[in-house]
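Inspection log for the structure reproduced underneath, given as structure tokens.
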Amino acid sequence: MMFARVLTLGVALVSGTVTSQLPEFAQQYRQRMGGAIDALEEVKADFVADATATHRSASAALTHMAQSADEFVQLRGKSVERSLDRFEALKEQQLAMETAAVFERVWIFMKEPDTKISRATWEDFEPAVPVTVEGGVLAGLGFAVGLFMLRLAGVGGRVRRRRKLQRSI
């Protein structure tokens with residue numbers, strides 16, 4: 001019985017610790033997102049300048065590239081279009097995070113994270129002590145979820161043990 005309590009406490013502490021890191025991870029994600037937006041903004045500006053130099057709008061230039069007989073130009077047009085779409089999506093997410101309330105930022109990040117930025121953030125992630133209200137609350141929530149999950153699993157185990165005992169009697 002003592003082992004089960006220690007295990008339960010351990011899992012709850014790990015759950016609380018992990019969830020307390022969500023605000024820090026989201027913060028590091030936002031920083032990387034800002035860098036990605038800056039880089040994509042430069043790509044967009046260069047593309048718009050090139051389109052303007054040939055007396056086209058950006059959308060007309062993309063259409064021209066898509067209709068080109070040259071496969072390389074078609075592929076380049078598709079990659080520029082993906083970059084522009086990603087730029088818009090990241091700008092939208094950045095604006096949503098900037099205007100969001102404290103807990104909403106974590107939700108916005110978790111709802112639709114950019115895969116490339118998330119992967120890069122994870123590779124360089126440095127945990128931090130949750131000194132914010134948001135981190136503390138999420139740590140408590142994670143602790144409670146960990147306890148709940150173990151209790152739920154424990155209840156199932158106890159029910160099965162009781163049934164086995166009743167069958168053997």
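The values are calculated or read from the model by the stated rules, or taken from the named source; none is laboratory data. Small disclaimer: the values here were computed from a predicted structure and weren't measured. A quick note on method: Cβ atoms are made from the backbone with ideal geometry, for glycine too, and the neighbour counts reach across all protein chains shown. Keep in mind that these areas ignore ligands, DNA and RNA; they rest on the heavy atoms of the full protein, side chains included. Shrake-Rupley method; radii C 1.70, N 1.55, O 1.52, S 1.80 Å.
Available extension along the chain between residue 7 and residue 74 is 18.3 nm, counting 0.36 nm per residue and deducting the alpha carbon span. Whole-Hz Karplus values for the stretch 114-120 come out as 6, 4, 5, 5, 4, 5, 5 Hz, taken residue by residue from phi with 6.51 cos²θ - 1.76 cosθ + 1.60 and θ = phi - 60°; glycine and proline positions read x.
How far is helix 102-111 tilted, in degrees, relative to the longest principal axis of the Cα atoms in the chain, given as a value from 0 to 90 rounded to the nearest 10? It is inclined by approximately 70 degrees. Heavy-atom accessible surface of residue 63, to the nearest 10 Å², is about 70 Å², with a 1.4 Å probe and all protein chains retained. For the stretch 36-148, lysine pairs separated by 8 or more sequence positions, or belonging to different chains, with Cα-Cα distances below 17 Å total 4.
Can you give the helix-only mean residue ellipticity at 222 nm for the chain, where every DSSP H stretch with n ≥ 4 adds -39500 (n - 2.57) and the sum goes over all residues, rounded to the nearest 500 deg cm²/dmol?
Values: 7 runs with 145 residues, N = 169.
Dividing the helical sum by the residues of the chain leaves -29500 deg cm²/dmol.
Across the stretch 62-76, computed HN-Hα scalar couplings (Karplus, 6.51 cos²θ - 1.76 cosθ + 1.60, θ = phi - 60°) run 5, 4, 4, 5, 5, 8, 5, 6, 7, 4, 4, 5, 4, 5, 5 Hz from first to last residue, x flagging Gly and Pro.
Accessible area ranking (1.4 Å probe, heavy atoms, ligands and nucleic acids excluded), largest first, for 106, 6, 48: 6, 48, 106.
Modelled spin-label separation between residue 60 and residue 128, with each label point placed 7 Å from Cα along the Cα-to-Cβ direction: 4.7 nm. Oblate is the label for the stretch 48-89, because the ratio a/c of its alpha-carbon gyration tensor axes (a ≥ b ≥ c) is 1.5 or higher and a/b is not greater than b/c.
Applying 1/(1 + (r/R0)^6) with r as the Cβ-Cβ distance of residue 67 and residue 99 and R0 = 35 angstrom yields a FRET efficiency of 0.35. Kirkwood analysis of the Cα pair distances in the chain returns a hydrodynamic radius of 20.0 Å. Taken one residue at a time, the phi angles of the stretch 2-16 give Karplus couplings (6.51, -1.76, 1.60, θ = phi - 60°) of 5, 4, 4, 5, 5, 4, 4, 4, x, 5, 5, 5, 5, 4, x Hz. Gly and Pro are set to x.
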